[in-house]
Amino acid sequence: MLDRVKWGILLKVLPWTGLFCIAKLGMHWVSWEPWIFDALTGALFSAAIFVIALILSGTLGDYRACEVMPSQIANSLETIKDTNLTIALGNPDYQPQPLQQALVDVGRSILDWLQAGKEFTVVDAAIDRLNPVLVPILGLNGGPGIVNYIQIEQAKIRSITRQMRAHHDTDFLGAAYVLLWLFLGGSIFALLLIDTERFSENLIVSAFMFTLFIYLLFLIEDLDKPFQYDGKSSVDVDLSPLEHVWIKLGNRG
């Protein structure tokens, strides 16, 4: 119940809700609530909810696709590691340590890029360093086929990390956020102007609706940046599968 990550967005929203309530009270005291809730106002709220649902659906779909990427990279690293150990068992003269260390470097470079804010070039460079350590395998029996198999997994890692970079550096749909802000701004403005017979009921319902709108806005922004890792997001993609494999690779090395 006290998980800060779980409740992080709500904790960010509550101060804004407090400011909204103060503004609502102020407008009530000066008797500046000229609107009543009618069909047009209901249509505005419905349109705002539709826009939120549309953008939330898109960002959530992207987030779901991103969730499996660390596991996919971890699987490719482990596959190459298993192949490397199998080659070593069948060929006593083969030294598996260079390829093993190169895999450790790939895992570390991806984690450094995401968690420590390093440039993406360190990831590309680490993946490229797999190529020289594959050369000794070519001289082994069936070596070219083994190298081709390893490079297929290498290509998967390169493709996935570049997809992660696209999600890391770009928004889902920038123009959609303009529409989102427009309708949310209009809905919040309407909540401030609407008058009812019982002000206490008006204030409570308006505060709950404001909290809902702002919470969903923050949630969409967090979902749209699944690889943020700056302490501000509550819904970052879990990197534990990749971290676990990186630790295993280091220990085995």
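The values are calculated or read from the model by the stated rules, or taken from the named source; none is laboratory data. Since the structure is predicted, the reported quantities are computational estimates derived from the model, not experimental observations. Note that we place each Cβ from the backbone using ideal geometry, even for glycine, and neighbour counts take in every protein chain shown. Just the protein is used for accessible areas: all its heavy atoms, side chains included, with ligands, DNA and RNA removed. Shrake-Rupley method; radii C 1.70, N 1.55, O 1.52, S 1.80 Å.
Below is a table of values for the structure above.
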| item | result |
| --- | --- |
| Cross-chain or 6+ apart pairs with Cβ under 6 Å, the range 97-111 first and over 23 Å from residue 162 (Cβ atoms), then in a helix (DSSP H, G or I) and open to solvent by less than 50 Å² (accessible area, probe 1.4 Å) | 98/133 |
| Neighbours by Cβ (under 9 Å, 6+ apart or cross-chain): first from the range 141-166, closer than 15 Å to residue 87 by Cα; second not aromatic (Phe, Trp, Tyr) and not in a helix (DSSP H, G or I) | 141/91; 146/140 |
| Some residue of the range 43-59 being under 18 Å from residue 193 (Cβ atoms), without any contact (Cβ under 8 Å) to a residue 12 or more places away in the chain and either loosely packed, with under 11 Cβ neighbours inside 10 Å or of a type in the set (S, T, N, Q) (or both) | yes |
| Criterion violated by residue 152 - all others in (1) exposed (fewer than 11 other Cβ atoms within 10 Å of the Cβ); (2) closer than 26 Å to residue 122 by Cα satisfied | (1) |
| Odd one out for residue 33, checked against (1) assigned to a helix (DSSP H, G or I); (2) at pLDDT below 95 | (1) |
| Helices (runs of 4 or more DSSP H) contained entirely in the range 146-253, each with at least 1 residues that are touching a Cys at 6+ places or on another chain (Cβ under 9 Å) | 199-223 |
| Residue match in the range 71-87 (condition: within 26 Å of residue 239 (Cβ to Cβ) and in contact with a Ser or Thr (Cβ under 6 Å, 6 or more places away or on another chain)) | no |
| Pick from the range 76-95, criterion of a type outside the set (Ser, Thr, Tyr), open to solvent by 50 Å² or more (accessible area, probe 1.4 Å) and free of Cβ contacts under 8 Å to residues at least 40 places away in the same chain, ranking: nearest to residue 159 (Cα to Cα) | 82 |
| Residues of the range 81-116 classified as in a loop (DSSP other than H, G, I, E, B) and closer than 17 Å to residue 242 by Cα, total | 1 |
| Residue 19 free of Cβ contacts under 8 Å to residues at least 40 places away in the same chain, farther than 28 Å from residue 159 by Cα and open to solvent by 80 Å² or more (accessible area, probe 1.4 Å) | yes |
| Qualifying positions in the range 182-201 - in contact (Cβ under 8 Å) with a residue 12 or more places away in the chain and either of a type outside the set (A, V, I, L, M) or closer than 24 Å to residue 66 by Cβ (or both) | 183, 186, 187, 195, 196, 199 |
| The lone exception for residue 201 - which of (1) open to solvent by 30 Å² or more (accessible area, probe 1.4 Å); (2) in contact with a helix residue (DSSP H, G or I) (Cβ under 9 Å, 6 or more places away or on another chain) it fails | (2) |
| Residues located in the range 117-144, provided they are open to solvent by 70 Å² or more (accessible area, probe 1.4 Å) and part of a helix (DSSP H, G or I) | 121, 128, 132, 135, 136, 138, 144 |
| Residues (at pLDDT 90 or above and either farther than 26 Å from residue 207 by Cβ or not hydrophobic (A, V, I, L, M, F, W, C) (or both)) located in the range 36-63 | 46 |
| Selected residue [at pLDDT below 90, small (Gly, Ala, Ser) and open to solvent by 70 Å² or more (accessible area, probe 1.4 Å)] from 175, 166 | 175 |
